[in-house]
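S.K.: Take a look at this one; I'll ask things after.
The values are calculated or read from the model by the stated rules, or taken from the named source; none is laboratory data. Here the structure is a predicted model, which means the values were calculated and not measured. Here the Cβ positions follow ideal geometry from the backbone for every residue, glycine too, while neighbour counts run over all protein chains shown. In case anyone asks, the SASA skips ligands and DNA or RNA and just uses the protein heavy atoms, side chains included. Shrake-Rupley method; radii C 1.70, N 1.55, O 1.52, S 1.80 Å.
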Amino acid sequence: MPHGRRRDGDLQVKAEINVTSMVDVAFTLLIIFIITMPILQGGIEVAVPEAAVNPLTVQDNALLISVTRDGEVFMGETQVPREDLQTVFDQLVAATRPDVIHIKGDSLADYGPVMQLIALASQSGINFGLIGVRPPERR
């Protein structure tokens, strides 16, 4: 009997793992994670100014406030009208009691809303900071 053949003339069955479909699934998951990571960071996407800043430390009880280029204010993911800013800020601080407030203002935003948020955070007595991005290192 020839090697690799069975009695009835069929080829011998070889058990192999098809890695092609496994690689396809892995690449699909990678693409999904790459797309969803910016969404998971929280807050609204703004172009923060460049400055010599220190990295943020992760805190469980932090309040993120964003100011867009158009001057719109977002507390977390919720847009807040400027005329209701004081009331909403006070209610949110009373309800969540954050340890720190992070203010993320767009580099081209009007200074008025950012200054108003700085004043509110300062009056609340809670530690606060402005978010920036480090400029690229020059060689």
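S.K.: Ranked from the most accessible area to the least, with a 1.4 Å probe and all protein chains present, what is the order of VAL133, VAL13?
M.R.: Sorted by accessible area, descending: VAL13, VAL133.
S.K.: Could you run the Karplus curve 6.51 cos²θ - 1.76 cosθ + 1.60 with θ = phi - 60° over segment 121-135 and give me ³J(HN,Hα) per residue in whole Hz, x for Gly and Pro?
M.R.: 5, 5, 5, 6, x, 8, 4, 9, x, 9, 8, x, 10, 5, x
S.K.: Add +1 for every Lys or Arg and -1 for every Asp or Glu among the other residues with Cβ under 11 Å from the Cβ of LEU108, and state the total.
M.R.: Net charge in that neighbourhood comes out at -2.
S.K.: If amide hydrogens are placed 1.01 Å from N in the peptide plane, which non-local residues have theirs closer than 5 Å to the one on GLY105?
M.R.: VAL67, ILE131
S.K.: Follow-up question, since we're still on this one. Mind grabbing the accessible area of PHE27 for me, 1.4 Å probe, Å², rounded to tens?
M.R.: 120
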